[in-house]
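Got a structure for you, questions after.
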Amino acid sequence: MSMRYLFQVLKVVGGCILVAIIHMAFLYLFPYPLNKINVIFMFLVLAMLWTDSGIMVWVSFLLHFFIELYALTPFGIVLFSGTIATLMLFWLYRNVFINRSFVAVVSLSAAAILLYRLLYTLTLSIFAHPIIVQQPFFSLIGVYAWEMLFTIIGAVILYGITYRFTRRFDVKIIR
Amino acid sequence: MISKRTVALGVSSVVVLMIITHFIGWLTPVEVFFRSLINPASGALYRTSVALSRTAAGSQGADCSEAVASCLVDKAELIRLRGENAELRAQLRFLSQTSYTSVGAEVIGRNIDPIGTTLIINRGMKAGISKNNPVIVGDGHLIGKIARADEDTSIVRLLNDNASRVAATMQNRDKSIGLVEGGYGLSIRMNFIPQNEVVNQGDAVITSGLEEGIPRGLVIGTVEVVEKTPQGPFQEAILTPAIDFDNLALVSVITH
């Protein structure tokens, strides 16, 4: 029983490392603005729909911890913003966007980036970090907008593939 | 049924606890462990991105048959190795002529943050690197400063980053002193040059040595355009950097 639990934990940690590496791959290999896609939230939204479980908040915690290891911002900004944004996203999923559909995927992806970047910008502003303070407002909005756009597109494509090739999101079966 | 407030408090507490353990230093072994797992992948991805950009620049219009594709891969690897060899020789030549203590490092990644122009290198505090150490390539060309130093990795803020500031001097008749600032990852400009001093296109800009930890004489770039306003006390110069920041593979950090 404990070995089985250990394997589950190792599987989750290994999966999170893989998602973090894929996120880096998009950052390094794709040109601007395609490299602004947030693979982590793309994965979290789809995983939330797939598992229908609040455990995704802790998966988000782990994922953002890995990203925190390479971030220029003070330790904790990315971790706090990412984890709390995922928690709020889960509440939205459970209480507002309660169905599994393309509309829900688009809405959740947009909400995820909005909540994450709002918390990220607010916490950085509180600490008056130069990465935010010296950045013009419209330039910041532009970067976030690209991130939202490509994350939504990526999530929709992945959801479409999952919908097409699996039965998990098939409405006929769920009914 | 656990209330939302309790859940939010619980999650926030765990996050805060994690942050506290990081700043105490208890989390360091965990961070080092996970970086040791992710760094090789990050380095491989970064090298691939540099090789792709070099190959694309050198082989436009090439035929895409299988044999040629294989040759392109070998060519990319050869170009990468030649580049690294030349870079290491240049850095060795420069550092052997000075009394600086330095640490060589490999670039293993680029900025994770959405805003900011940074590089990730595979050396950190364990190798003697600390915040604000200058980072050079080639024959003493400054590319940036250490913005964050962890146990085994560091983050370099490049000169063209918005938050980058370096005290500099121009090699013109007046030996103008000013501040070199980055602009949104695209440009570098030297500000606060007195209006009455003569600045010409092509004048070289180097570090002034007036900033703690940054020695004098590290090359920053050359003047491309001079911008003056008649009423203002200062003029600005837009600089062309000496180095292409997109294809850096090996750097040296001056630690002393």
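One line per residue, one yes/no per condition, for (1) within 19 Å of the chain's Cα centre (by Cα); (2) assigned to a helix (DSSP H, G or I):
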residue	(1), (2)
B:78	no, yes
B:81	no, yes
B:87	yes, yes
B:94	yes, yes
B:105	yes, no
B:109	yes, no
B:116	yes, no
B:120	yes, no
B:130	yes, no
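Here is a further query. Identify all residues within the stretch B:216-237 that are assigned to a loop (DSSP other than H, G, I, E, B), over 23 Å from residue B:90 (Cβ atoms) and either small (Gly, Ala, Ser) or under 21 Å from the mean Cα position of the chain (by Cα) (or both); write none if there are none.
B:232
Does the stretch A:4-20 contain any residue that is without any contact (Cβ under 8 Å) to a residue 24 or more places away in the chain, assigned to a loop (DSSP other than H, G, I, E, B) and over 12 Å from the mean Cα position of the chain (by Cα)?
Within the stretch A:4-20 (the criterion being without any contact (Cβ under 8 Å) to a residue 24 or more places away in the chain, assigned to a loop (DSSP other than H, G, I, E, B) and over 12 Å from the mean Cα position of the chain (by Cα)), the answer is no, since none of the residues qualifies.
Another one. Quick one: which residue in A:79, A:29, A:72 is over 14 Å from the mean Cα position of the chain (by Cα), within 25 Å of residue B:16 (Cβ to Cβ) and within 9 Å of chain B (Cβ to nearest Cβ)?
A:72
Which residue out of B:145, B:126 is under 10 Å from the mean Cα position of the chain (by Cα), of a type outside the set (S, T, N, Q), over 19 Å from residue B:224 (Cβ atoms) and open to solvent by 10 Å² or more (accessible area, probe 1.4 Å)?
On the way: B:126 fails: under 10 Å from the mean Cα position of the chain (by Cα).
Result of the check over B:145, B:126: B:145.
Let me ask something else. Here are the criteria: (1) within 13 Å of another protein chain (Cβ to nearest Cβ); (2) of a type in the set (A, V, I, L, M); (3) over 25 Å from residue A:17 (Cα atoms); (4) within 17 Å of the chain's Cα centre (by Cα). Tell me which single one residue A:104 does not satisfy.
(1)
Does the stretch B:172-193 hold any residues that are modelled with pLDDT under 90 and surrounded by fewer than 17 Cβ atoms within 10 Å (Cβ to Cβ), and which are they?
Listed by number, the residues that qualify are B:173, B:174, B:175, B:183, B:184, B:186, B:187.
Tell me, please, whether a residue that is over 30 Å from residue A:69 (Cα atoms) and either at the interface with another protein chain (Cβ under 10 Å from one of its Cβ atoms) or modelled with pLDDT under 90 (or both) can be found in the stretch B:42-55.
Checked against the condition, which is being over 30 Å from residue A:69 (Cα atoms) and either at the interface with another protein chain (Cβ under 10 Å from one of its Cβ atoms) or modelled with pLDDT under 90 (or both), the stretch B:42-55 yields at least one hit.
Here's a follow-up. Residue check, residue A:60 against (1) surrounded by fewer than 24 Cβ atoms within 10 Å (Cβ to Cβ); (2) more than 7 Å from every other protein chain (Cβ to nearest Cβ), all met but one. Which one?
For residue A:60, the exception is condition (1).
When residue B:191 is evaluated against the numbered criteria (1) polar (S, T, N, Q); (2) within 11 Å of chain A (Cβ to nearest Cβ); (3) more than 17 Å from residue B:245 (Cβ to Cβ), which criterion, by number, is the only one it fails?
(2)
Which residue, of B:98, B:117, is modelled with pLDDT under 90, in contact with a Gly (Cβ under 6 Å, 6 or more places away or on another chain) and not small (Gly, Ala, Ser)? Outline the logic, then answer.
Values: B:98 fails: in contact with a Gly (Cβ under 6 Å, 6 or more places away or on another chain).
Criteria check complete, one pass: B:117.
Follow-up. Open to solvent by 70 Å² or more (accessible area, probe 1.4 Å), modelled with pLDDT under 80 and not in a helix (DSSP H, G or I): is that true of residue A:98 in this structure?
Taking the combined requirement at face value, the residue satisfies it.
The values are calculated or read from the model by the stated rules, or taken from the named source; none is laboratory data. What you see is a predicted model; the values in this text were computed from it and never measured. Because the Cβ atoms are built from the backbone with ideal geometry, glycine has one as well, and the counts that use them run over all protein chains shown. The area values use the complete protein model at the heavy-atom level, side chains included, leaving out ligands, DNA and RNA. Shrake-Rupley method; radii C 1.70, N 1.55, O 1.52, S 1.80 Å.
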